[in-house]
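This report concerns only the one structure given below.
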Amino acid sequence: MLKQRIITALILLPVALAGFFLLEGVAFALFIGAVVVLGGWEWARLAGLHGQSQRLAYALIVAILLGWLHRFPILAAPVLLLGVAWWLVAVVAVLKYPRSAAAWRALPVRLLIGLLILLPAWQGLMLFKQWPEANGLILAVMVLVWVADIGAYFSGRRFGKNKLAPQVSPGKSWEGVFGGLAASLLVTLAVGLTRDWSGSALLIAIAGAAVVVLISVVGDLTESMFKRQAGLKDSSNLLPGHGGVLDRIDSLTAAIPVFAVLLWLAGWGSL
């Protein structure tokens, strides 16, 4: 398993980095769109569509909707705001699971949730490419999430005692969350000091980073919740040793739209 994970990572990492940071315009939209459509194919299974034709049909719907979003950029604001609204609802759904399952057990609801997860993430990345420091914004949200994951892993292993959401993901602890948050905020502080941000800008950046990191945890837990409800360990086996696409981007699907809205509110870019 470890060998598989390493080989898959060595193959995919340069492809992912090139796609995220070297592609522009339509090529970037298609690259990110391909990842999101694969995520849609996987989500269909989590939602309860087990037939291959049904899953492909849902992935096709996702692709068509992405095309519409690309064709009509005026939809960016409502899509992002709907995404943020969903993630606020997801906080309650995760904390109340398994009781909350009654509210989203119906197939149409689960399919709609998939769209609220996938489409805003694509839209956020498209906006980052158009805003100042385009690739820097993409790198920033990725680093925040990755550093939080690493910090949570080590602090959880060392200090983890109080379970975060035992009904959803028994291995995660509050100590892990706080450790990951602290690591990300330290990185944010270091970047701010290096770039000579003003005191007020630094405080805003730290507050924003905290929100992004915490919502990324919700993204991770949300996918775990749906996998648990569906009786699945991984979203798919597309990535040998790593599970599926959603298993790798679950935290980012929550972090990206929230980060985009925070930047918009701060006047960084327009919608």
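The values are calculated or read from the model by the stated rules, or taken from the named source; none is laboratory data. Everything quoted here is computed from the prediction, not taken from an experiment. Backbone-built Cβ (ideal geometry, glycine too); neighbour counts: all protein chains shown.
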### Every residue from the stretch 138-191 that is part of a helix (DSSP H, G or I), crowded, with 19+ Cβ neighbours inside 10 Å and small (Gly, Ala, Ser)
Ala140, Ala148, Gly151, Ala152, Ser155, Gly156, Gly176, Gly179, Gly180, Ala183, Ser184
### Message
surrounded by 12 or more Cβ atoms within 10 Å (Cβ to Cβ) and on the phi > 0 side of the Ramachandran plot: is that true of Gly48 in this structure?
### Response
yes
### Query
Hey, Val26 hits all of (1) of a type in the set (Val, Ile, Thr); (2) surrounded by fewer than 19 Cβ atoms within 10 Å (Cβ to Cβ); (3) within 15 Å of Phe226 (Cβ to Cβ) but one; which does it fall short on?
(3)
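For the stretch 241-264: of the residues being in contact with a Lys or Arg (Cβ under 8 Å, 6 or more places away or on another chain) and part of a loop (DSSP other than H, G, I, E, B), which is surrounded by the most Cβ atoms within 10 Å (Cβ to Cβ)?
Here the answer is His242.
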### Task
Have a look at Gly171, Gly180 and point out the one that is closer than 24 Å to Lys227 by Cβ and at pLDDT 95 or above.
Gly180
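When the stretch 224-235 is examined, which residues are found to be at negative phi and either part of a loop (DSSP other than H, G, I, E, B) or under 10 Å from the mean Cα position of the chain (by Cα) (or both)?
Selection gives Leu232, Lys233, Asp234, Ser235.
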#### Entry: Test for Ala207: is it farther than 24 Å from Leu88 by Cβ and either part of a helix (DSSP H, G or I) or aromatic (Phe, Trp, Tyr) (or both)
no
### Task
Could you please let me know if Leu125 is farther than 15 Å from Ala47 by Cβ and either touching a residue at least 12 places away in the same chain (Cβ under 8 Å) or assigned to a helix (DSSP H, G or I) (or both)?
yes
### Message
Looking at Leu107, Leu80, Leu88, can you tell me which residue is closer than 28 Å to Ser169 by Cα, in contact with a helix residue (DSSP H, G or I) (Cβ under 7 Å, 6 or more places away or on another chain) and surrounded by fewer than 20 Cβ atoms within 10 Å (Cβ to Cβ)?
### Response
Leu107
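Which count do you get for residues in the stretch 71-120 that are charged (D, E, K, R) and either in contact with a strand residue (DSSP E or B) (Cβ under 7 Å, 6 or more places away or on another chain) or within 11 Å of Thr222 (Cβ to Cβ) (or both)? Walk me through how you get there before you give the answer.
The initial filter retains those residues of the stretch 71-120 that are charged (D, E, K, R), namely 71, 96, 99, 105, 110.
Restricting the remaining residues to those that are either in contact with a strand residue (DSSP E or B) (Cβ under 7 Å, 6 or more places away or on another chain) or within 11 Å of Thr222 (Cβ to Cβ) (or both) gives none.
Result for the stretch 71-120: 0.
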### Task
Please work out if Ala205 is over 19 Å from the mean Cα position of the chain (by Cα) and surrounded by 19 or more Cβ atoms within 10 Å (Cβ to Cβ).
yes
